[in-house]
Amino acid sequence: MRLDKFVLRSTQLSKPSVISCIESGEVRVNQDVITDARYQVHENNYIEYQGKQLVPRPFRYLMFNKPVDTICSNVDGDYPSILNYLEIENKDELHIAGRLDADTTGLVLITDDGRWSFNIMKPETHCEKTYRVTLAKPLIEGVAQRFSEGLLLQGESKPTLPAKLEHIEVDSTHDSIAELQVLLTISEGRYHQVKRMFFTVGNKVRQLHRENIGNLTIDIPAGTWRYLTIDEVKSLTY
């Protein structure tokens, strides 16, 4: 962890104040004065500020059910940030793991543990994510097989990893086109991957909702959040 982040999580100082106190020599790491805010520190380091040992606050792990027309960002943009829904102290220390587009809903993980979130989302982990997808038109025969073998997306040089596609029929119509819902499970996270996969097979995603990340399933109403249990955190520790 960077020294400035460690101090930020161990005090009530603002980020500018943390940078200032480090650069002015008020922070020691293993008895040495460190003035570089980007200096990497570890769990076994002894870190002091004004002569007192710093102990960081425990990491926090949250599940959030993202509603439509919100963004996975720490600040507002064209749409409001999902962090506006959190009534929690030191909210600026949190970051979002597994971002979703503004028009996509469902399971998002929020934490201040960078190592945990990095391990979940890095490609080598192959953490499975399941989406409920509402399509513009019924799938043609053989699409599930193509998904299971991997698709070469436009602009890519390597096919996608094998994905699992399950059909879910729904009794509704829209503009005289029968809507079809499917469950898609993928184990990577390329840019707009789900939408691009269905585009490759001649279809279009109308609605996209993430239901699962690993063994974790969304179980709270849209726009609400809860802390993960210890077992849930461990289930996503790779």
Select from the stretch 7-63 the residues that are among the acidic types (D, E) and part of a loop (DSSP other than H, G, I, E, B) and list them in ascending order.
E26, D36, E43
P162 fails exactly one of (1) under 22 Å from T229 (Cα atoms); (2) modelled with pLDDT of 95 or more, namely (1)
Please pick out the residue among G202, G214 that is under 16 Å from G150 (Cα atoms) and small (G, A, S).
G202
Given the residues T229, T237, T185, T224, which is the only one that is within 15 Å of R132 (Cα to Cα), surrounded by fewer than 18 Cβ atoms within 10 Å (Cβ to Cβ) and among the β-branched types (V, I, T)?
T185
Which residue is farthest from F6 (Cα to Cα), if the candidates are limited to the stretch 102-119 and must be in contact with a strand residue (DSSP E or B) (Cβ under 6 Å, 6 or more places away or on another chain) and among the hydrophobic types (A, V, I, L, M, F, W, C)?
A102
D92: over 11 Å from the mean Cα position of the chain (by Cα), surrounded by 19 or more Cβ atoms within 10 Å (Cβ to Cβ) and farther than 21 Å from L184 by Cβ, yes or no?
no
Being acidic (D, E) and either modelled with pLDDT of 95 or more or surrounded by 15 or more Cβ atoms within 10 Å (Cβ to Cβ) (or both) is the filter; apply it to the stretch 34-78 and report the residue that is farthest from the chain's Cα centre (by Cα).
E48
Of (1) under 21 Å from V18 (Cα atoms); (2) modelled with pLDDT of 95 or more; (3) in contact with a Lys or Arg (Cβ under 7 Å, 6 or more places away or on another chain), L83 fails just (1)
Mind checking whether some residue in the stretch 74-96 is part of a loop (DSSP other than H, G, I, E, B), touching a Ser or Thr at 6+ places or on another chain (Cβ under 8 Å), within 19 Å of L216 (Cβ to Cβ) and not assigned by TED's automatic domain parsing to the domain that holds R9?
yes
Would you be able to say whether some residue in the stretch 154-177 is in contact (Cβ under 8 Å) with a residue 40 or more places away in the chain and either surrounded by 14 or more Cβ atoms within 10 Å (Cβ to Cβ) or aromatic (F, W, Y) (or both)?
no
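The values are calculated or read from the model by the stated rules, or taken from the named source; none is laboratory data. Remember, it's a predicted structure, so these values are computed and weren't measured experimentally. Note that each Cβ is placed from the backbone with ideal geometry, even for glycine, and that neighbours are counted across all protein chains shown.
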